[in-house]
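Single-structure report; data block below.
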Amino acid sequence: MLEDIVAWLVQTIGQWGYTGIVVLMFLESSFFPFPSEVVIPPAGFLAAKQAMNLWLVILAGTGGSLLGALFNYWLALHLGRPFFHRYGRYLFVSERSLAKAESFFDRHGHISTFVARLLPGVRQYISLPAGIARMHLGLFCLFTSLGAGIWVVILALLGYIFGQNQQLLQSKLHEILILLLPCLALTVGAYIWLQRRRFRKRVKPHEEQSAGRKV
């Protein structure tokens, strides 16, 4: 079954070219959770056969992901907040909860968006809370592109190297995911440490000034 799907995708991408990659990755990143794991590797395989350009495959894949994420962001921004303003009390989502979400994404939206774009099953949906919380659009685009770009590079290289052996490709992807999770955990841990360090630096002068006044 998987081999049939991959064969169809190779044929489709070969016919549609980079536009096909953009369209399929738009779907994967928005309302239709079409797995990127079966979109980008076939394109990487075509690049290995010199039927496509690897860099353009990566650019098209990242661009499609960003467009799909922006679509979800727009939906959440224009439909999500009015929905929760009107029906939130029935879903136990208060105005205070929305304000907290907005404050969280103001402070931590960049790291949340970046990490989520690298997590299977989560990457498609991080745009929704970002849109509801009105995360800064420029930061949203930047960190969505960074996270999506890394993921697309991984998939494109796997397809480029192992595209003819789907079983080996899936095995290598599984290994990469196992390595990726602790790397993301370390990234989040380093971010929390830096945030606390900055907070202490801001608080320390105020404490010293207060102590000086008491003396």
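The values are calculated or read from the model by the stated rules, or taken from the named source; none is laboratory data. In this text, all values refer to a predicted model and were calculated from it rather than measured experimentally. Cβ: placed from backbone, ideal geometry, glycine included. Neighbour counts: every protein chain shown.
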Of the conditions (1) within 18 Å of the chain's Cα centre (by Cα); (2) modelled with pLDDT under 75, the single one that LEU184 does not satisfy is (2)
Residue count for the stretch 47-58, restricted to those that are farther than 9 Å from ILE21 by Cβ and in contact (Cβ under 8 Å) with a residue 40 or more places away in the chain: 4
Between a first residue in the stretch 61-81 that is hydroxyl-bearing (Ser, Thr, Tyr) and a second residue that is outside any helix (DSSP H, G or I) and at pLDDT 85 or above, which pairs have beta carbons less than 9 Å apart while being 6 or more apart in sequence or on different chains? SER65/ARG117; TYR73/MET135
Can you pull out the helices (runs of 4 or more DSSP H) entirely within the stretch 52-116 that have at least 2 residues that are at pLDDT 85 or above? 54-75, 95-116
Residues of the stretch 30-51 being modelled with pLDDT under 85 and either in contact with a Gly (Cβ under 7 Å, 6 or more places away or on another chain) or at positive phi (or both), in sequence order, are SER30
Could you pull out the residue among LEU137, LEU128 that is under 21 Å from LEU79 (Cα atoms), over 9 Å from the mean Cα position of the chain (by Cα), of a type outside the set (Ser, Thr, Tyr) and surrounded by 15 or more Cβ atoms within 10 Å (Cβ to Cβ)? LEU128
Subset of the stretch 151-169 that is in a helix (DSSP H, G or I) and surrounded by fewer than 16 Cβ atoms within 10 Å (Cβ to Cβ) - its residue that is modelled with the lowest pLDDT: GLN167
